[in-house]
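> Encoded as structure tokens, here's the structure I'll be asking about.
The values are calculated or read from the model by the stated rules, or taken from the named source; none is laboratory data. Values in this document were obtained by computation on a predicted structure and should not be read as measured data. Don't worry about glycine lacking a Cβ; one is built from the backbone with ideal geometry, like all the others, and counts go over all protein chains shown.
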Amino acid sequence: MRTAQELKEEIQAFAESIGIDKVGFASASPFVTLKARLKEQQRLNYQSGFEEDDIDKRTHPELLLTEATTIISIALAYPTKLPEAPKNRPGARRGQFCRASWGKDYHDVLRDKLNQLEAFIQETVPGAECKSMVDTGELSDRAVAERAGIGWSGKNCAIITPEFGSYVYLGEMITTLYLPEDTPLIDQCGTCNRCVDLCPTDALIQGGQLDAKKCIAYLTQTKEALPERYRHKLGNRLYGCDTCQQVCPENKGVDFHNHPEFEPEPEVVKPLLEPLLTISNREFKEKFGYIAGSWRGKKPIQRNALIALGHMKEKSSIPTIVQLLCNDPRPVIRGACAWALGEMPTQEGVEALHHADSREKDEEVLEEISKALDKTSPERV
């Protein structure tokens, strides 16, 4: 009969054989410290709204699987360099999807790995119960990974591994099996505060504390009008933000291409902006549907594309923006059109804004038009 340590080693070997880059083992005891931190996050209204609301479910594994004993944490590394990246130039402006949205949706890839691991465990130990989750599950992937020794929790609120930096996807499996725990890693951020200091929107309040509603990664996924104070901060980002990872010294030179599924298609992850404005639902799904950044649909991406064009003052896109301002049925898109036209005043844009002002019924869009017209003084046109 195999010992718990021998079973753990078998699971580790199988995980490695199916391409899991790192696996760790943690106790399924309650996450007491995390629970207190989450309550404080709620009190401060720092939650994004995408999380599980029930803090008990997020911190008590036994509520998700009766007799939960161990949590297995897995990590898959993803690439950071885009070979032959297309140029972002005047007349052909491009947006960008963050690295975590390169290649096939990581939720699907990790779920497949966890399903294989679960099948192996249940074949090896009949009767073992398991419950797996990736990102959208109740547990905090980061808290589990930290306890399981996958990496330490960085000041940028990401798990930083010694091998792959913070460029890893995380998933976990709760099981009724007892498997010896791994030792958590010591925090190695030290006095470095680059991620906090260089966050574009000051979303990192302090090391390890994030106001999610200020985070560009969150803002790019919202469906309503983007607050004006964040628009230029968005730059040409269409989905997500990599700044707090890019500035981290632990990520210097990190670039792993261990999984063909995560290899980026340049025209998908750095697409031309103007064609996005008129893309159909079918075309959007065909081109972008397989990446994680498509999960909120095309409207947030189109809004972000308009903001990017306005930010970069790409005047060649004005005719398309004018058409959308006059004809698009979605107020959020019309409002973004008005803002973009106000950022790059031309006679054509001013005339379109005045025309839209006489026809528009939505109060928020009218406000955007009014602000845009205030910027378009004759000396600027």
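> Looking only at region 235-261, which residues are of a type outside the set (D, E, K, R), more than 15 Å from the chain's Cα centre (by Cα), part of a helix (DSSP H, G or I) and within 24 Å of Tyr218 (Cα to Cα)?
Hits for region 235-261 are Pro249, Asn251.
> Shifting gears a bit: Give just the number: which of (1) modelled with pLDDT of 95 or more; (2) surrounded by 13 or more Cβ atoms within 10 Å (Cβ to Cβ); (3) among the hydrophobic types (A, V, I, L, M, F, W, C) does Ala13 not satisfy?
(2)
> Sticking with this structure for a sec: Given the criteria among the hydroxyl-bearing types (Ser, Thr, Tyr), over 16 Å from the mean Cα position of the chain (by Cα) and under 30 Å from Leu309 (Cα atoms), does Tyr230 qualify?
In short, yes.
> What number goes with the only condition from (1) touching a helix residue (DSSP H, G or I) at 6+ places or on another chain (Cβ under 9 Å); (2) surrounded by fewer than 16 Cβ atoms within 10 Å (Cβ to Cβ); (3) part of a helix (DSSP H, G or I) that Arg43 does not pass?
(1)
> List every residue pair whose Cβ atoms lie under 8 Å apart, where the two residues are 6 or more positions apart in sequence or sit on different chains, the first residue falls within region 8-23 and is over 22 Å from Ile159 (Cα atoms), and the second residue, located anywhere, is part of a loop (DSSP other than H, G, I, E, B).
Lys8/Leu179; Lys8/Pro180; Glu10/Arg2; Ile11/Leu179
> So, Leu234, is that one crowded, with 17+ Cβ neighbours inside 10 Å and at pLDDT below 95 or not?
Considered against the rule, which asks whether it is crowded, with 17+ Cβ neighbours inside 10 Å and at pLDDT below 95, Leu234 comes out as no.
> Hey, does region 299-310 have a residue that's surrounded by fewer than 20 Cβ atoms within 10 Å (Cβ to Cβ) and under 27 Å from Ala217 (Cα atoms)?
Looking through region 299-310, at least one residue is surrounded by fewer than 20 Cβ atoms within 10 Å (Cβ to Cβ) and under 27 Å from Ala217 (Cα atoms).
> Related question: Can you tell me how many residues within region 16-40 are in a helix (DSSP H, G or I) and surrounded by 18 or more Cβ atoms within 10 Å (Cβ to Cβ)?
So the answer is 2.
> Among the residues of region 274-287, are any touching a residue at least 60 places away in the same chain (Cβ under 8 Å) and outside any loop (DSSP other than H, G, I, E, B)?
There is at least one residue in region 274-287 that is touching a residue at least 60 places away in the same chain (Cβ under 8 Å) and outside any loop (DSSP other than H, G, I, E, B).
> Among the residues of region 72-108, which ones are surrounded by fewer than 20 Cβ atoms within 10 Å (Cβ to Cβ) and assigned to a strand (DSSP E or B)?
Selection gives Arg89, Ala92.
> Ok, one more. Select from region 355-376 the residues that are buried (at least 20 other Cβ atoms within 10 Å of the Cβ) and among the aliphatic types (A, V, I, L, M) and write down the one among them that is nearest to Gly310 (Cα to Cα).
Ala372
> Which pairs do you get when a residue that is under 21 Å from Asn156 (Cα atoms), found in region 221-248, comes within reach of a residue that is surrounded by fewer than 17 Cβ atoms within 10 Å (Cβ to Cβ) and modelled with pLDDT under 95, reach meaning Cβ atoms under 7 angstrom, with the pair 6+ apart or on two chains?
From region 221-248, the pairs are Gln221/Arg296.
> Here is a follow-up. Which of the numbered conditions does Leu114 fail, given that it passes all the others? Conditions: (1) surrounded by fewer than 21 Cβ atoms within 10 Å (Cβ to Cβ); (2) at negative phi.
Going through the list (1) surrounded by fewer than 21 Cβ atoms within 10 Å (Cβ to Cβ); (2) at negative phi, Leu114 breaks only (1).
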